[in-house]
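The values are calculated or read from the model by the stated rules, or taken from the named source; none is laboratory data. Small disclaimer: the values here were computed from a predicted structure and weren't measured. Because the Cβ atoms are built from the backbone with ideal geometry, glycine has one as well, and the counts that use them run over all protein chains shown.
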Amino acid sequence: MTDSAQRVERALIAFVRQEFGAPIATILGLTEILIEDARCSQDQSLASDLDRIHSSGRLLQEQLDQLVGLATQGGLGVGDDSAAFRMTLRHDLRTPLNAVKGYSELILEEARDNGREDLLTDIAKVVAAAEQLLGQVDRLIGLTEEVKSSDASRAATPPRDLVGEIMRSIQPIMSKPKANLLSGRILVVDDTDANRDLLSRRLRRQGHAVDTADGGRSALEAMAKSEFDLILLDLMMPDINGLQILTWLKANPTLQHIPVIMISALDEIDSTVRCIEAGAEDYVAKPFDPVLLGARIEASLERKRLRDRERAFTNELRTEKAKTESLLLNILPGTIVSRIRQGEIEIADRFPDATILFADLVGFTNLAGRHSPAQIVELLNGLFSAFDKLAKRLKVEKIKTIGDAYMAAGGLPEESPGHALSVAEMALGMIDVVRESGKRFGEMLEVRIGIHSGEVVAGLIGQHRSIYDVWGDTVNIASRLESSGLPNRIQISESTYQRVKDGFCCELRGPVALKGRGTMLTYFLGERIK
């Protein structure tokens with residue numbers, strides 16, 4: 001070891017022994033006096049908290065003696081920069097130091113609330129000693145650094161006017177009324193009992209509901225059983241460390257929205273950056289300032305509230321979008337809806353080969369006169385709903401209903417080579433539906449159906465209550481075939497017959513005079529050929 005390194009090492013050990021001893025002695029001496037007074041007054045709660053502070057003070061003293069002894073013997077491997085000693089000292093002292101400072105501040109809060117002025121002075125001294133010790137720990141990092149130039153130091157000092165302006169712009173921290181604080185359900189995860197107890201008590205005083213976990217595995221079990229608004233997560237735990245818990249949490253789709261604040265004695269930049277990269281909301285070093293931690297908790301809860309509202313709004317939009325989608329698909333074919341979304345306004349297509357079906361109930365006018373409007377609507381709704389199911393199953397497109405008439409088409413809006421066969425299958429199913437509905441309704445229901453195949457034009461009509469409709473000579477002929485047909489028979493044209501004759505039994509009807517079309521050879525569609 002070089003002479004320079006030896007000087008640094010000796011200075012470091014002397015600094016620790018001399019400077020750290022005084023605040024620890026203050027903590028131990030004052031708490032011993034206060035414990036005796038608390039027991040005399042039978043204040044068990046205060047005595048319990050003071051015992052915790054005293055135990056932590058003794059642990060500080062033991063760890064300090066041990067670390068100084070190891071450093072003196074070279075047991076810590078102190079090198080030229082004394083890095084191992086400084087980092088070990090910082091980590092080992094922070095846990096008991098956090099307990100001393102935290103419980104002292106908790107006693108101060110309760111003393112102010114209960115008018116215990118006799119405690120304020122002595123406990124304030126304990127807090128000051130803890131803060132002094134913390135400052136001395138942090139000073140170790142910069143112990144060997146020297147100011148190279150007094151001029152540079154002066155140049156780095158901000159002008160007095162600028163400092164004054166900054167201080168005027170930063171308002172003093174005012175305690176918020178508890179009624180105005182955001183509250184939530186918080187999970188505190190720490191393997192040190194004193195840390196969990198201290199955090200839990202402080203959070204409950206702020207109006208939060210608190211659950212605790214003494215390690216990584218118990219934290220996972222708690223998250224599986226309950227929902228939390230925030231997790232305070234210790235980084236260094238023996239079973240599963242905090243970074244592993246954080247990574248798992250953020251990879252879980254059902255839990256990744258829960259904000260996590262890491263709390264650790266490790267305040268080096270790598271730990272902070274890794275935790276933030278892994279998804280932590282914030283990172284707080286132990287021992288923490290309760291006011292700062294409270295502000296960060298409230299900020300995290302507020303951000304979660306905003307994200308929860310955003311998620312709820314997004315889910316509501318998604319639900320409404322699904323409803324709109326369902327409504328559009330009930331009105332228009334799916335491919336037409338997709339084209340509208342892509343920006344098409346005028347939709348019109350020519351299909352060289354399609355099959356059109358018309359169906360109409362026989363004697364519907366007389367039927368409507370014998371029953372109430374509600375019964376007629378019930379009948380038509382049942383029939384047409386059953387027709388719709390047939391169309392969907394057979395991939396036939398329902399075009400529209402007009403009164404008691406039903407129109408469907410095969411081979412559009414997407415071309416299909418077997419469209420005539422599908423429409424023929426649907427027509428036979430419609431005959432069965434009408435017969436069964438008539439039995440349930442107590443009437444002898446009959447239907448006429450006409451089918452023709454050929455070229456059509458299909459497109460979207462209207463801007464208000466738009467409909468997808470079909471035009472052309474093929475549509476007119478199919479309508480005439482229906483009106484000239486016979487009850488419970490399916491009349492098809494020669495064109496349709498040529499497309500279905502190999503799949504269905506067909507009966508020649510002969511020439512039939514169609515209104516406005518002259519004479520046309522027609523057939524009756526029979527059962528499917530097995």
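Out of the residues in the stretch 210-237 that are hydroxyl-bearing (Ser, Thr, Tyr) and out of contact with any Lys or Arg (no Cβ under 6 Å at 6 or more places or on another chain), state the one that is surrounded by the fewest Cβ atoms within 10 Å (Cβ to Cβ).
Here the answer is Ser226.
Where the second residue is exposed (fewer than 15 other Cβ atoms within 10 Å of the Cβ) and modelled with pLDDT of 85 or more and the first is more than 21 Å from Leu60 (Cβ to Cβ) and lies in the stretch 112-137, which pairs have Cβ atoms under 6 Å and are six or more apart or on separate chains?
Final answer for the pair search is none.
Residue by residue through the stretch 186-202, note down the ones that are over 22 Å from Ile258 (Cβ atoms) and part of a helix (DSSP H, G or I).
Answer for the stretch 186-202, where residues must be over 22 Å from Ile258 (Cβ atoms) and part of a helix (DSSP H, G or I): Asp193, Ala194, Asp197, Leu198, Arg201.
Can you pull out every residue in the stretch 236-259 that is of a type in the set (Ser, Thr, Tyr) and not in a helix (DSSP H, G or I)?
Selection gives Thr254 alone.
Looking at the stretch 393-420 only, could you name the residues that are at pLDDT below 90 and either of a type in the set (A, V, I, L, M) or part of a helix (DSSP H, G or I) (or both)?
Ile399, Ile402, Leu412
In the list Ala391, Ala348, Ala368, which residue meets the criterion of being surrounded by 12 or more Cβ atoms within 10 Å (Cβ to Cβ), touching a residue at least 24 places away in the same chain (Cβ under 8 Å), more than 30 Å from Leu182 (Cβ to Cβ) and small (Gly, Ala, Ser)?
One residue alone meets the criteria, Ala391.
Taking the condition of being of a type in the set (Asp, Glu) and in a loop (DSSP other than H, G, I, E, B), how many residues in the stretch 260-314 meet it?
The number of residues fulfilling the criteria is 4.
Restricting attention to the stretch 256-269, does a residue exist that is in contact with a Pro (Cβ under 8 Å, 6 or more places away or on another chain), of a type outside the set (D, E, K, R) and surrounded by 20 or more Cβ atoms within 10 Å (Cβ to Cβ)?
So far as the stretch 256-269 goes, no, none of its residues is in contact with a Pro (Cβ under 8 Å, 6 or more places away or on another chain), of a type outside the set (D, E, K, R) and surrounded by 20 or more Cβ atoms within 10 Å (Cβ to Cβ).
Looking for whichever is modelled with pLDDT of 85 or more, of a type in the set (D, E, K, R) and closer than 29 Å to Ala25 by Cβ here; the options are Asp190, Asp92, Asp138. Which one fits?
Asp190
Output the number of residues of the stretch 432-457 satisfying the condition of being at pLDDT 90 or above, within 52 Å of the chain's Cα centre (by Cα) and either buried (at least 17 other Cβ atoms within 10 Å of the Cβ) or not assigned by TED's automatic domain parsing to the domain that holds Val500 (or both).
3
Only one of these is loosely packed, with under 13 Cβ neighbours inside 10 Å and touching a residue at least 24 places away in the same chain (Cβ under 8 Å): Ile490, Ile467. Name it.
Matching residue, one of Ile490, Ile467: Ile467.
Restricting to the stretch 278-317, name every residue that is under 22 Å from Ile53 (Cα atoms), in contact with a helix residue (DSSP H, G or I) (Cβ under 8 Å, 6 or more places away or on another chain) and charged (D, E, K, R).
Of everything in the stretch 278-317, just one residue is under 22 Å from Ile53 (Cα atoms), in contact with a helix residue (DSSP H, G or I) (Cβ under 8 Å, 6 or more places away or on another chain) and charged (D, E, K, R), namely Lys286.
If we keep just the residues of the stretch 297-339 that are more than 20 Å from the chain's Cα centre (by Cα) and polar (S, T, N, Q), which is nearest to Gln206 (Cα to Cα)?
Thr324
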